[in-house]
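Below is one structure, written out as structure tokens; comments come after it.
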Amino acid sequence: ASNTSESRDRALDLTFQALADPTRRAILGRLSEGEATAGELAQPFDMSLPAISKHLKVLEKAGFLIRARDGRVHRCNLDAGPMHAASDWISTYRHFWEGQLGSLARYLEEERQKQEEEKKDERDSND
């Protein structure tokens, strides 16, 4: 069971590492529109093809990218699977965060009411 947990953790690490870079996020955005060659993916960026290739390797290692060779041309497609795993991981903590934020909101409201009552008491005692 710990092997599964370790491999899931490793996959999440690779996913978030891939998503941490704005160039890679832009590449994923472009791939969400459909297949593209490495050259087409490089066009919007002021970057060499080898630099884009490094980004593509990171995305491929994280499982976001399916690369097919067509002669010398590399055709790239998006695999959203890692995004689903990351979303599932985040949603397990969402309940905790929302619960904590709800508690904080209640606490702040109680504190605000106490302060209003104290101000009212001060005004009443000054009259």
Which residue, of Asp121, Asp79, is in contact with a strand residue (DSSP E or B) (Cβ under 6 Å, 6 or more places away or on another chain) and not β-branched (Val, Ile, Thr)?
Asp79
Selected residue (only one of Arg75, Arg69 is touching an Asp or Glu at 6+ places or on another chain (Cβ under 7 Å), among the charged types (D, E, K, R) and at pLDDT 85 or above):
Arg75
Just to be sure before I move on: is Gly34 under 25 Å from the mean Cα position of the chain (by Cα) and either at positive phi or open to solvent by 100 Å² or more (accessible area, probe 1.4 Å) (or both) in the structure I sent?
yes
Are any of the residues in segment 67-76 of a type outside the set (Lys, Arg), within 24 Å of the chain's Cα centre (by Cα) and within 20 Å of Leu19 (Cα to Cα)?
yes
Answer yes or no: is there a residue in segment 100-117 that is in contact with a strand residue (DSSP E or B) (Cβ under 8 Å, 6 or more places away or on another chain), open to solvent by 100 Å² or more (accessible area, probe 1.4 Å) and without any contact (Cβ under 8 Å) to a residue 60 or more places away in the chain.
no
For segment 30-50, state whether one or more residues are among the basic types (Lys, Arg), within 30 Å of Ser5 (Cβ to Cβ) and either out of contact with any Pro (no Cβ under 9 Å at 6 or more places or on another chain) or free of Cβ contacts under 8 Å to residues at least 24 places away in the same chain (or both).
no
For residues that are at pLDDT 90 or above, farther than 25 Å from Asp13 by Cα and open to solvent by less than 70 Å² (accessible area, probe 1.4 Å), tally how many sit in segment 43-54.
1
If only one of Lys57, Lys61 is modelled with pLDDT of 95 or more, under 15 Å from Leu31 (Cβ atoms), charged (D, E, K, R) and open to solvent by 70 Å² or more (accessible area, probe 1.4 Å), which one is it?
Lys57
Cβ-Cβ under 8 Å pairs, at least 6 apart or on other chains, segment 57-73 side touching a residue at least 12 places away in the same chain (Cβ under 8 Å) and of a type in the set (Val, Ile, Thr), far side surrounded by 13 or more Cβ atoms within 10 Å (Cβ to Cβ) and in a strand (DSSP E or B)
Ile66/Cys76; Ile66/Asn77; Ile66/Leu78; Val73/Thr37
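The values are calculated or read from the model by the stated rules, or taken from the named source; none is laboratory data. Given the structure is predicted, the values throughout are model-derived calculations rather than measurements. Please note: Cβ atoms are built from the backbone with ideal geometry, for glycine as well, and neighbour counts cover all protein chains shown. The protein model used for the area step is the full one, side chains on, heavy atoms only, and it has no ligands, DNA or RNA in it. Shrake-Rupley method; radii C 1.70, N 1.55, O 1.52, S 1.80 Å.
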